[in-house]
Amino acid sequence: MVKIAIVCEGKSDKEFLKKVIAHLGFPENNASFYTLGGKSKFFDLTNKSYQDIKLEIKSGQIDNILFVVDADDEKSDMKNGGYENTQLALNALISELGFNLISQTYIMCDPITKTGYLESLILSTISEKQRNCISCFLNCSEFKEKENHKAILNEIYNLGYPNSPFNFKHQNFNSLKEKLKNIFSK
């Protein structure tokens with residue numbers, strides 16, 4: 001069976017993507033996930049995962065790749081941060097790897113600001129009242145590691161909304177769902 005490669009930054013991205021795939025009704029086992037351990041490793045051409053993907057392409061095991069990476073913020077990373085810089089870096093990476101004909105990309109962020117990461121996308125799908133509640137909690141909390149913002153946001157969201165953690169019908173998920181439908185339907 002020919003599989004799909006889904007390349008993402010970390011475990012929380014992978015788990016989230018699995019939930020979207022299940023929501024769409026596609027078998028998860030039709031995809032091989034490659035979690036690269038952060039954005040700097042994502043754009044490292046020498047990453048072993050890229051060599052593994054090349055071998056799987058050569059042997060006919062992979063014929064579609066979806067690259068999923070956070071936009072982050074241009075203020076914190078002038079080279080690869082922000083939506084446009086991330087897209088340029090992705091295009092260059094895919095070209096260098098020779099994956100142009102079989103690749104698609106999805107950049108996770110708040111669709112309005114075009115900055116952020118998975119949690120920014122998720123928070124963009126809840127009401128302003130709910131976002132304010134989370135923001136107020138973060139501001140008054142005594143978390144020592146506020147720099148570990150993404151992990152804290154993810155936990156707060158999952159704890160605060162355990163019965164229906166993601167509203168996959170929200171329009172902000174449409175682009176991602178279309179990308180996944182496209183690669184799983186080929």
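Quick one: count up the residues across segment 26-42 that are under 19 Å from residue 64 (Cα atoms) and out of contact with any Asp or Glu (no Cβ under 8 Å at 6 or more places or on another chain). Step through it out loud before you land on a result.
Narrowing segment 26-42 to residues under 19 Å from residue 64 (Cα atoms): 26-36, 42.
Add one more test, that the residue is out of contact with any Asp or Glu (no Cβ under 8 Å at 6 or more places or on another chain), and what stays is 26-31, 33.
So the count comes out to 7.
Restricting attention to segment 1-48, the residues that are under 24 Å from residue 116 (Cβ atoms) and of a type in the set (S, T, N, Q) total 4.
Each residue in segment 21-69 was checked for being touching a Phe, Trp or Tyr at 6+ places or on another chain (Cβ under 6 Å) and closer than 17 Å to residue 11 by Cβ, and 4 of them qualify. Taken together, 33, 26 contain a single residue that is in a strand (DSSP E or B), surrounded by fewer than 21 Cβ atoms within 10 Å (Cβ to Cβ) and of a type in the set (Phe, Trp, Tyr), which is 33.
Report, ordered by the first and then the second residue, all pairs with beta carbons closer than 8 Å, sequence separation of six or more or different chains, a first member in segment 40-53 that is outside any helix (DSSP H, G or I), and a second member that is open to solvent by 30 Å² or more (accessible area, probe 1.4 Å). These pairs meet every condition: 45/96; 47/41.
Considering only helices (runs of 4 or more DSSP H) fully contained in segment 88-176, which possess at least 2 residues that are of a type outside the set (D, E, K, R), under 17 Å from the mean Cα position of the chain (by Cα) and modelled with pLDDT of 90 or more?
Values: elements: 118-123, 128-140, 149-160.
Result: 118-123.
The values are calculated or read from the model by the stated rules, or taken from the named source; none is laboratory data. Just so it is clear, the structure is predicted and the values come from calculations on it, not from any experiment. Because the Cβ atoms are built from the backbone with ideal geometry, glycine has one as well, and the counts that use them run over all protein chains shown. Note: areas computed on protein heavy atoms with side chains; ligands, DNA, RNA excluded. Shrake-Rupley method; radii C 1.70, N 1.55, O 1.52, S 1.80 Å.
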